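Reading through the structure tokens given below for one structure.
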Amino acid sequence: MNQLKIDKQKGLYVLTKGLGVFPVGIDLLAKRAKAVAQWMGIAEPKSEEGTPEHYTECMAMMDKGQLHAKRTGLKCTGNLNAQLVGYEGERVSVVDSAGQHRSFWVARTLGWMPGHLEIEFDNGEDGALASEIYQSVTLVA
């Protein structure tokens, strides 16, 4: 049985399905559902964020997006970081939103709604989703 819990303090929807627990950020799910709606040219989710109705509406939007991608062969780019587009496979140096300097390899996830990854080491391990905003991005020569 599926059970949805909403942790507004942590900003999470937490779905329990069988023995699995699947948390997703309320803001992240809303952002992705909005991007899918814009990509498909349809109405964005209207329900209040942090409610069961919003979760259901956003998940339905994600399902629609996946079906649209399967039918058309197109990919939704709404999950990519605009500052990293074109740097895939390259090593970059960034100043993040907290003012921290760091460098990483830029990679992309697969699937119908790819996202950018920050790969810290040359072996491709320890990848994390790319930050949303950087103060600066510079190609490392």
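The values are calculated or read from the model by the stated rules, or taken from the named source; none is laboratory data. Treat the numbers as computed from the prediction; the structure is a model and nothing was measured. No Cβ is skipped: glycine too gets one built from the backbone with ideal geometry, and neighbour counts run over all protein chains shown.
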* Structure fact -> Taking the range 19-61 and keeping residues under 17 Å from the mean Cα position of the chain (by Cα) and surrounded by fewer than 14 Cβ atoms within 10 Å (Cβ to Cβ) leaves Phe22, Pro23, Gly25, Asp27, Gln38, Ala60
* Considering each residue of the range 32-59, count those that are farther than 15 Å from Leu15 by Cα and of a type outside the set (Lys, Arg), and give that number. => 15
* Output yes when any residue across the range 78-86 is closer than 24 Å to Leu12 by Cα and more than 19 Å from the chain's Cα centre (by Cα), and no when none is. => no
* Asked: Taking the condition surrounded by 13 or more Cβ atoms within 10 Å (Cβ to Cβ) and either among the polar types (S, T, N, Q) or assigned by TED's automatic domain parsing to the domain that holds Glu132 (or both), does Thr16 pass?
  -> yes
* Which strands (runs of 3 or more DSSP E) sit wholly inside the range 15-133 and have at least 3 residues that are closer than 30 Å to Met1 by Cβ? -> 20-25
